[in-house]
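Read the structure below first, then the notes.
Each value in this text was obtained by applying a stated rule to the coordinates, not by laboratory testing. Since we're looking at a predicted model, the values are computed, not measured. Every residue, glycine as well, gets a Cβ built from its backbone with ideal geometry; the counts of neighbours run over all protein chains shown.
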Amino acid sequence: MTARETIESGKAILGIEFGSTRIKAVLIDEENKPIAQGSHEWENSLVDGLWTYSIEEIWYGLQDCYADLLKDVKAQYDCVIEQLAAIGISAMMHGYMAFGEDDKILVPFRTWRNTNTGKAAAALSELFVYNIPLRWSISHLYQCILDGCDHVKDIKFLTTLAGYIHWQLTGEKVLGVGDASGMIPIDPATKDYNAEMVKKFDELVAPKGYPWKLLDILPKVLVAGEKAGVLTDEAAKRLDVSGNLKGGAPLCPPEGDAGTGMVATNAVKQRTGNVSAGT
C-alpha cells in the first residue's frame, strides 16, 4: 500500500509531541514508517515570576502544527486526512495544570521549568522518604498549599500538559504511567500511584479542610495498550480547522517526553538504557 493509499483509507497513525520549543506532528504508516510531518515553534513566557504557556498558545500551536502536517500531506501526496487509525499525545513532563468546576484553568500553566517549589519538594522528600524533584506536580501542588493560594480549594482536576490535551480530545481524564510518575511516585507492583505516599499527603493537608482527597483530583493511571478513549467529533473539528478530519480514532494513554524519547531511540528493549542529558 502506498503512503497516499494509507492516508486515504484512514490507516495512518498520528503522533503529536509538545516540546519546550517546538510542537511536532508525525504521520506514520502501518509499518511504523514516517510518511509526513509538521511543526510549530513556540516559547514559554515568564509571567508573574513563573514560566508558562497560555491555553490560547497551546491550542494555536496544536492547530498550526496539524495544519503544517496537512500542508506536507498535500504537497507529497495531493490528498487530505479524513480519518486516522490511531493518535498519540506526548508532552514535556511534570508541571501544574489545575482546573475547577467549569473545566477552566484556575491559574496559568506552571511548567517543569519553574523552581519556586523548593520548600515543598524538601518537605515531601522527607515525608515520603523518597527524592521528590522541584518540577514534579505534587511539589507544585504542595507549594501552592504552603503559599496559601486561594485556588487550591477549588481544584477538581490536576494534570500535565499531555493529560490536558488528551482530556480535551477524548473527554477522558487519564495519564500514561510514565507521565503519571512525574506527578507522584508510582508503585511498580500496582502500576498506580504509590498508595502509602498518597495517604501521607492526604494526612499532611487534612488540617486545611479541602473538599478533595488527592486521588479525587489526579488522572487515572493507564499502561501502554489500555483503552484511553477516542477522538470526539467536536475535538476533531477543533484540531483540524479545515474541517476534514472525522472523530472516532482511538488514542493511546498520553505520555511524557521521557517515554517518547525512549521509544524513539529504541531504548525500551531488554539490555538497553536511556540517559537524559538535557537541562
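Structural remarks
- Distance from the range 98-128 to the range 163-193 (C-alpha centre basis), Å: 16 Å
- Listed by chain and number, the aspartates and glutamates placed with their C-alpha closer than 13 angstrom to that of LYS227 are GLU172; residues fewer than eight positions away on the same chain are left out.
- Using the rule -39500 (n - 2.57) for each DSSP H run of four or more residues, divided by the residues of the chain, the 222 nm mean residue ellipticity is -9500 deg cm²/dmol.
- Put a plus charge on the Cβ of each Lys and Arg, a minus charge on the Cβ of each Asp and Glu, and nothing anywhere else: the dipole of the range 47-176 about its Cα centre is then about 440 debye.
- Virtual spin-label span in nm between ALA267 and ALA189, 7 Å along Cα→Cβ: 2.9 nm
- Scanning the chain for cysteines with no neighbouring cysteine C-beta under 4.7 angstrom from their C-beta gives CYS65, CYS79, CYS252.
- Among SER20, ILE55, GLY10 the positive-end extreme of the charge dipole of the range 1-119 (Cβ point charges): SER20
- Relative contact order (%) - criterion: Cα under 8 Å, at least six apart; region: the range 176-267: 31 percent
- Share antiparallel - DSSP beta bridges, the chain, percent rounded to 5: 65 percent
- Across the options ASN274, TYR164, VAL152, the greatest Cα extent toward the positive end of the charge dipole of the range 127-279 (unit charges at beta carbon of Lys, Arg, Asp, Glu) belongs to ASN274.
- Using C-alpha pairs below 8 Å separated by at least 6 residues, the relative contact order for the chain is 18 percent.
- Per residue, the average separation of C-alpha pairs within less than 8 Å and at least 6 apart gives the range 1-120 a relative contact order of 29 percent.
- What the Cβ-Cβ distance of ILE55 and LEU146 gives, at R0 = 25 Å and to the nearest 0.05, is a FRET efficiency of 0.45.
- Size of charge dipole - the chain - debye, nearest 20, with Cβ of Lys, Arg +1 and Asp, Glu -1, no other charges: 580 debye
- For the range 108-261, projected area of the alpha-carbon convex hull averaged over all directions, nm²: 10.2 nm²
- Extension gain from LYS33 to LEU46, taking 0.36 nm per residue of separation minus the Cα-Cα distance: 0.9 nm
- Relative packing of 202-212, 113-123, which averages over residues the other C-beta atoms within 10 Å, highest first: 113-123, 202-212
- Matching label, semi-axes √(5λ) of the Cα gyration tensor in Å computed from the structure shown, candidates [x] 34, 25, 19; [y] 34, 20, 17; [z] 27, 26, 17: [y]
- Net length available on complete extension from ASN244 to LYS104 is 47.6 nm, with 0.36 nm assigned per residue and the Cα-Cα distance removed.
- Pairwise FRET efficiency - ALA86 versus LYS208, Cβ, R0 = 51 Å, nearest 0.05: 0.75
- C-alpha center-to-center spacing [the range 138-152, the range 13-29] in angstrom: 32 Å
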